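The next block holds one structure in the form of structure tokens; read it before the comments.
Coordinate-derived values only; no laboratory data. It should be emphasised that the depicted structure is a prediction, and the values quoted were computed from it without experimental measurement. Heads up, the Cβs are rebuilt from the backbone with ideal geometry, glycines too, and the neighbour counts pull from every protein chain shown.
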Amino acid sequence: MTLNIISPGLSTSIQDLGRPGYFHLGIPLGGAMDRFALRCANMLVGNPEGAACFEVVFMGPEIEFEKDALVAVTGAELPPTVDGEEKECWTAFEVKKGQKLGFGFLKAGARAYIAISGGIDTPPALGSRSTYPIGALGGIEGRVIGAGDKVPLGDTDAIEPGQSVPEALRRMPGTPAQLRVLPGLYWHRLTEAAQEGFFADDWSVAPEADRMGYRFKGGKALEFVEREQPFGAGADPSNIVDGCYSYGSIQVPGGLEPIVLHRDAVSGGGYFTLGAIISADMDLIGQLQPHTSVKFKKVDMDEALAARKERKKMLADIRAHLG
Amino acid sequence: MAEIKAPVPGTFYTQASPEEPRYKSAGDPVASGDVIGLIEVMKTFIEIKADTAGTFKDYTVENAAAVTAGQTLAELDD
């Protein structure tokens with residue numbers, strides 16, 4: 001059975017939990033920008049948590065169904081419609097054969113996840129169906145979906161619609177969004193004033209933020225501790241001798257606009273990284289619209305691990321709730 | 001009166017570049033499908049098109065303003 005893509009939206013891609021294990025070869029993790037939302041969407045329709053979904057950014061697609069299916073939309077508040085009739089987000093609903101799934105205007109957040117019972121069944125690449133367009137990997141022919149595409153679905157046992165994730169267990173960024181940062185290897189390169197300024201300043205999401213990296217603007221330029229640049233590093237004080245980048249690491253080219261590397265990031269390069277966003281907050285970044293206000297908050301390793309534990313508990317609570 | 005709304009959030013431009021005039025001015029005829037502005041988001045520029053015909057009234061947001069999805073960008077008189 002297949003889904004017919006009538007209109008694709010702005011940049012709708014097939015994503016699962018990604019393909020860890022190849023970053024040292026320059027192949028990024030990939031997968032949903034908000035993995036929490038993807039897991040929830042799959043749970044609501046009775047799929048394995050890591051089944052492939054559509055990741056929709058800002059503007060929804062229109063999809064015709066060739067068979068009855070159960071659908072759930074989580075993450076961004078992007079109101080789904082079935083033949084024009086509005087449905088709830090974070091709640092499983094039925095779409096019948098021949099009906100069309102559409103969407104209203106985005107109300108909050110940035111990325112919605114559409115899970116369909118059976119899961120999207122495109123051929124995996126390196127163990128994942130996630131689309132990495134720059135590497136032409138995964139998805140349909142390694143690209144975002146287009147009008148006229150036919151998307152295959154896996155088989156499933158019928159389960160009941162109506163399951164819902166309670167509001168208290170949904171996770172969206174606040175206003176301003178707070179992103180917790182663990183300072184890293186190159187933290188000492190910044191002057192004390194710059195270290196403090198980074199956390200004190202008000203930042204906002206730059207419009208060019210995407211799956212590779214989220215760029216922030218509006219804070220003061222960072223000042224670096226003076227040094228003679230080592231052999232092999234560029235002349236700019238934000239340069240280092242090429243090194244590895246981690247998922248979530250924060251580079252600041254020229255000391256001007258911080259960029260948080262996300263699921264489709266490059267794996268190395270010549271910019272210093274002042275630290276990393278803690279893993280528990282990476283999903284929140286996937287829900288930031290351009291121009292959203294952001295504050296960075298300094299945490300230590302204990303706080304970062306506690307936050308990770310808390311997030312795992314939230315998922316466990318949802319699993320328990322949905323039985 | 002018809003409103004043209006932003007399909008996506010981003011930065012709205014009333015002109016294709018700083019050197020060029022605005023896409024539409026008050027009183028201009030608008031055909032369905034005419035481009036009335038651009039929204040920049042995720043390193044791409046999306047053309048914003050009128051979905052009905054009419055007479056251009058005015059933009060309701062400034063050039064280079066931050067906009068949200070569903071926000072009214074311009075108005076047309078029938």
Exercise for the section: Kindly indicate the residue of region A:268-292 that is assigned to a loop (DSSP other than H, G, I, E, B) and in contact with a Ser or Thr (Cβ under 9 Å, 6 or more places away or on another chain) and also nearest to A:GLY184 (Cα to Cα) among those meeting that condition. Expected result: A:PHE272
Handout entry: Unmet criterion (only one of (1) farther than 29 Å from A:LEU137 by Cβ; (2) away from chain B (no Cβ under 14 Å)) for A:GLN251
Key = (1)
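What about B:THR52, is it within 14 Å of another protein chain (Cβ to nearest Cβ) and either polar (S, T, N, Q) or exposed (fewer than 14 other Cβ atoms within 10 Å of the Cβ) (or both)?
Numbers: within 14 Å of another protein chain (Cβ to nearest Cβ): no; either polar (S, T, N, Q) or exposed (fewer than 14 other Cβ atoms within 10 Å of the Cβ) (or both): yes.
No.
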Practice task
Kindly indicate the residue of region A:56-69 that is within 23 Å of the chain's Cα centre (by Cα) and in contact (Cβ under 8 Å) with a residue 60 or more places away in the chain and also farthest from A:ALA32 (Cα to Cα) among those meeting that condition.
Solution key: A:ILE63
Handout entry: Selection count where residues are out of contact with any Gly (no Cβ under 6 Å at 6 or more places or on another chain) and buried (at least 24 other Cβ atoms within 10 Å of the Cβ), scope region A:16-34
Key = 2
Handout entry: Selected residue (criterion: farthest from the chain's Cα centre (by Cα)) from residues of region A:236-267 that are among the hydroxyl-bearing types (Ser, Thr, Tyr) and not in a strand (DSSP E or B)
Key = A:SER238
Problem - All positions within region B:34-48 that are without any contact (Cβ under 8 Å) to a residue 40 or more places away in the chain and within 14 Å of chain A (Cβ to nearest Cβ) - result: B:LEU38, B:ILE39, B:GLU40, B:VAL41, B:MET42, B:LYS43, B:THR44, B:PHE45, B:ILE46, B:GLU47
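For (1) closer than 17 Å to B:VAL8 by Cβ; (2) of a type outside the set (A, V, I, L, M, F, W, C); (3) assigned to a loop (DSSP other than H, G, I, E, B); (4) out of contact with any Asp or Glu (no Cβ under 9 Å at 6 or more places or on another chain), each residue gets a yes or a no:
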| residue | (1), (2), (3), (4) |
| --- | --- |
| B:SER32 | no, yes, yes, no |
| B:THR55 | no, yes, no, no |
| B:VAL61 | yes, no, yes, yes |
| B:GLU75 | no, yes, no, no |
Handout entry: Leading residue by the ranking (surrounded by the most Cβ atoms within 10 Å (Cβ to Cβ)) among those in region B:2-30 that are within 14 Å of another protein chain (Cβ to nearest Cβ) and assigned to a strand (DSSP E or B)
Key = B:GLY10
